[in-house]
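The structure under discussion appears below in the form of structure tokens.
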Amino acid sequence: MKPIIIAIDGYSSCGKSTLAKALAARFGFAYVDSGAMYRAVALYFMEQQIALEDDVAIAKALENIHIHFEYNPDQQRNETYLNNRMVEDDIRSKPVSDLVSPVATIKAVRTAMVNLQRKAAVNKAIVMDGRDIGTHVFPTADLKLFMTADPKVRATRRFAELQAKGENWSMEEVIENLRERDHIDSTREENPLRQATDAHVLDNSDLTEQEQLDKVSIWVNGLLNAKI
Ligand code: CDP
């Protein structure tokens, strides 16, 4: 398989990882959820009670944080591991969702995660989703997507997703979390969420998962044909 990189960025909960996973499955690409990495760091900081102002403790913590992903065939999902512990559910909890965007503003955290993300893509065909993938992590990605969706649609989808997992969030909490993260993510100093000038914009408010997959697959096929 030719090494190609597909970068998917966009606001919180607008279906980036759903699309990224579906593309990876359809085309046999590797998939990396960069948000899961920031969530794993936030979980570690929470558990170790690391203050976000403590640069020394943060530098030490980053040396002790090891993140990897494994596919679980029984659950049919990619799972995030923090220091060899499976944390896929813990990183989606409310306390982590509230802490992750402040953690992701920290320069040392971003530098460490971006290094990991770049290493993960060496000589691979890969799809990666996040906030700064097309603008900063892989500015020369072969295909860049910027996803958006109506905030009400996004909140409704995330609420349903959390309910299905048995997570106890009210609709107001979901709306507030998405609003707060979008605000922090797009106004932070270090590589804020921005649409890359060469990104395809995909508003999926009125698209089904299948429709968005089919639409983007046309672009991916064009890319693969051009690469031969
Ligand atoms: O799934 P959802 O879109 O809600 O979020 P996520 O992809 O799990 O990302 C969680 C948080 O990590 C984001 O709100 C950002 O604060 C941060 N993040 C980031 O700063 N840069 C990335 N490349 C990916 C995520």
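List of remarks:
- Only residues that are assigned to a loop (DSSP other than H, G, I, E, B), touching a helix residue (DSSP H, G or I) at 6+ places or on another chain (Cβ under 8 Å) and free of Cβ contacts under 8 Å to residues at least 60 places away in the same chain were counted across the stretch 199-228, and they come to 2.
- Scanning the stretch 118-142 for residues that are crowded, with 20+ Cβ neighbours inside 10 Å, more than 15 Å from F29 (Cβ to Cβ) and touching a helix residue (DSSP H, G or I) at 6+ places or on another chain (Cβ under 7 Å) yields a count of 3.
- Residue pairs whose Cβ atoms lie under 7 Å apart, sitting 6 or more positions apart in sequence or on different chains, and linking a residue in the stretch 176-198 that is assigned to a loop (DSSP other than H, G, I, E, B) to a partner that is small (G, A, S), are P192/S186; L193/S186; A196/G134.
- Residue that is open to solvent by 20 Å² or more (accessible area, probe 1.4 Å), of a type in the set (F, W, Y) and within 12 Å of the ligand (Cβ to nearest atom), where the choices are Y38, Y44, Y11: Y11
- In the stretch 112-140, the residues that are within 8 Å of the ligand (Cβ to nearest atom) and polar (S, T, N, Q): Q117
- Assessment of the stretch 89-97 against the conditions (open to solvent by 30 Å² or more (accessible area, probe 1.4 Å), modelled with pLDDT under 95 and over 17 Å from the mean Cα position of the chain (by Cα)) yields no matching residue.
- Test: residue in the stretch 206-218 that is open to solvent by 30 Å² or more (accessible area, probe 1.4 Å), within 20 Å of F138 (Cβ to Cβ), β-branched (V, I, T) and touching a strand residue (DSSP E or B) at 6+ places or on another chain (Cβ under 7 Å): no
- Some residue of the stretch 95-111 being touching a strand residue (DSSP E or B) at 6+ places or on another chain (Cβ under 7 Å), closer than 21 Å to W169 by Cβ and away from the ligand (no atom under 12 Å from the Cβ): no
- Each residue in the stretch 164-175 was checked for being surrounded by 15 or more Cβ atoms within 10 Å (Cβ to Cβ) and in a loop (DSSP other than H, G, I, E, B), and 2 pass.
- Residue-level check: of (1) away from the ligand (no atom under 14 Å from the Cβ); (2) open to solvent by less than 10 Å² (accessible area, probe 1.4 Å), Q49 misses just (2).
The values are calculated or read from the model by the stated rules, or taken from the named source; none is laboratory data. What you see is a predicted model, and the numbers here were worked out from it, not measured in a lab. In this analysis, Cβ positions are derived from the backbone assuming ideal geometry, glycine residues included, and neighbour counts consider all displayed protein chains. The area values use the complete protein model at the heavy-atom level, side chains included, leaving out ligands, DNA and RNA. Shrake-Rupley method; radii C 1.70, N 1.55, O 1.52, S 1.80 Å.
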